[in-house]
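All remarks here apply to the structure that follows.
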Amino acid sequence: MDMNDLLRSKQYQKMYNVAAEYYRLSQKDKTTSEDLKRYQSLEAEFSHNPVYAAVVNAMIEKNKSMRPIEKLHPGQNVTYMNSLGKMSEETIKPDYSSYGEAKMPLVSVIVPNYNHARFLDERMETILGQTYQNFEVIILDDKSTDESKNVIERYRGNAKVSAIVYNEENSGSPFKQWYKGFQLCKGEIVWIAESDDSCEPTFLESLVPCFADEHVAFAFCRTTKVDEADKPFEVCQQDMHGSYVMEGHDFIARHLYRICSVVNASSALIRKRMALGAAPLYQEFRGSGDWMFWIEMAELGRVAFVDKKLNRCRQFFQSTTAKMQRSMRSSAEDYRIYQYMITHKEMSRAKALKTRFWRIYSLLFYTEKDLTQRNGKRV
């Protein structure tokens, strides 16, 4: 039985019709709220049923004009239907061939630091130990008052370190440091490797190929949160299943309208020209600027997600985010973000009001849970 006969069979006819509806909705220039709701429902079916995915792959082969929403990424296990109609599985390997002569694009690694001397060596080791080695490192210190300078100076002679900049005055916002780094970068792909985080050696190897798609604004991976003692306590992005490339406005509607699903900057690679083209609004924030930044970036292009736990984000009570949550200044910044999304037609006023109440409650709950965990009590 060939592929066309298989698709016409009674067993797969229903799946074929569902897949056809999925692609019909994905190709519409204008969608209603009902279309979006149906689209999300169909997407949920695909993510939990590999046979559906096989039928979609068969449809792509049958109709090349249908552009798939999801694309394949290194490390992803892909289930598909082979020419004999049987299910097969393979792991996608990194491929830089689509870059032409520039098969190994330069990545500029920005390391913004403020009083993280005790974590800097671990951070630098996980950067310098990457399997993908075409990168430069730019260290930006925001007038630290601890031993950071002594640690940083040990890396001045390293061939990978292209610049070390010490601020004479504290900038007051980590996002101003981000922008300074974008201006200093030589590479088109940027990694903001925050000084208290760490990662797996295959981080760059896994994410760089996403930028073969010139419309990708940023790519990120799954994050594991760790405490000050490097003990894992949470795996993030539980609502995401499988690697994908998604249109930016769709990503905002699904993963950025309520919370910032890009847990921290260290988990992402960024296209520099788009970052420099983003509105400077995010630089005015102290705690929620990353959320604002990812929204602005998603408006400029596509978003790629690699479903691998490659990033480790450190959180502790004295962090800027924790202080913001306790003071509730975060709520005021969130309000500005909701207003931005309303103005840019990313969400309705009713949806913004509902999500704001949800956000306030979740911040209070998370802070209480976070403190309880660190006191060794059962949550």
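The values are calculated or read from the model by the stated rules, or taken from the named source; none is laboratory data. What you are looking at is a predicted structure, and each value in this text was computed from that prediction instead of being measured. No Cβ is skipped: glycine too gets one built from the backbone with ideal geometry, and neighbour counts run over all protein chains shown.
Under 8 Å between Cβ atoms, at least 6 apart or on separate chains: pull out the pairs that start in the range 115-127 with a residue that is closer than 10 Å to V151 by Cβ and end on any residue that is of a type outside the set (K, R) and assigned to a helix (DSSP H, G or I).
H116/S148; A117/S148; A117/N150; A117/V151; L120/S148; L120/V151; L120/I152; D121/V151
Which number in (1) over 20 Å from A265 (Cα atoms); (2) in contact with a Gly (Cβ under 7 Å, 6 or more places away or on another chain) marks the one condition that E136 misses?
(1)
Which of the numbered conditions does E200 fail, given that it passes all the others? Conditions: (1) crowded, with 17+ Cβ neighbours inside 10 Å; (2) within 21 Å of K272 (Cβ to Cβ); (3) not polar (S, T, N, Q).
Unmet condition: (2).
Among the candidates I189, I164, I152, single out the residue that is of a type in the set (V, I, T), within 19 Å of T131 (Cα to Cα) and modelled with pLDDT of 95 or more. Give the derivation first.
Details: I164 fails: within 19 Å of T131 (Cα to Cα); I152 fails: within 19 Å of T131 (Cα to Cα).
It is I189.
Which one of these does S171 not meet: (1) within 21 Å of F135 (Cα to Cα); (2) not in a helix (DSSP H, G or I)?
If we test S171 against (1) within 21 Å of F135 (Cα to Cα); (2) not in a helix (DSSP H, G or I), just (1) comes out false.
Could you list, in sequence order, the residues of the range 124-160 that are aliphatic (A, V, I, L, M) and either assigned to a loop (DSSP other than H, G, I, E, B) or under 25 Å from the mean Cα position of the chain (by Cα) (or both)? Lay out the reasoning, then the answer.
Taking the range 124-160 first, the residues aliphatic (A, V, I, L, M) are 124, 127-128, 137-140, 151-152, 159.
Result: M124, I127, L128, V137, I138, I139, L140, A159.
Condition check: assigned to a helix (DSSP H, G or I), modelled with pLDDT of 85 or more and crowded, with 18+ Cβ neighbours inside 10 Å. Does D334 satisfy that?
Details: assigned to a helix (DSSP H, G or I): yes; modelled with pLDDT of 85 or more: no; crowded, with 18+ Cβ neighbours inside 10 Å: yes.
Answer is no for this residue.
Collect the residues in the range 237-254 that are surrounded by 19 or more Cβ atoms within 10 Å (Cβ to Cβ), of a type outside the set (G, A, S) and touching a strand residue (DSSP E or B) at 6+ places or on another chain (Cβ under 8 Å), keeping them in residue-number order.
Across the range 237-254, the qualifying residues are Y244, V245, M246, F251.
If D250 passes every condition in (1) closer than 24 Å to R312 by Cβ; (2) among the acidic types (D, E); (3) touching a helix residue (DSSP H, G or I) at 6+ places or on another chain (Cβ under 9 Å) but one, which one does it miss?
Every listed condition holds for D250 apart from (1).
Within the range 142-184, which residues are among the small types (G, A, S) and closer than 24 Å to T126 by Cβ?
At the first step, the residues of the range 142-184 found to be among the small types (G, A, S) are 144, 148, 157, 159, 162-163, 171-173, 181.
S144, S148, G157, A159, S162, A163, G181 - these are the residues of the range 142-184 that are among the small types (G, A, S) and closer than 24 Å to T126 by Cβ.
Which residues, taken from the range 111-143, are on the phi > 0 side of the Ramachandran plot and touching a helix residue (DSSP H, G or I) at 6+ places or on another chain (Cβ under 8 Å)? Can you show your working first?
The first filter runs over the range 111-143 and keeps only residues on the phi > 0 side of the Ramachandran plot, leaving 115, 143.
Within the range 111-143, N115 is the sole residue that qualifies.
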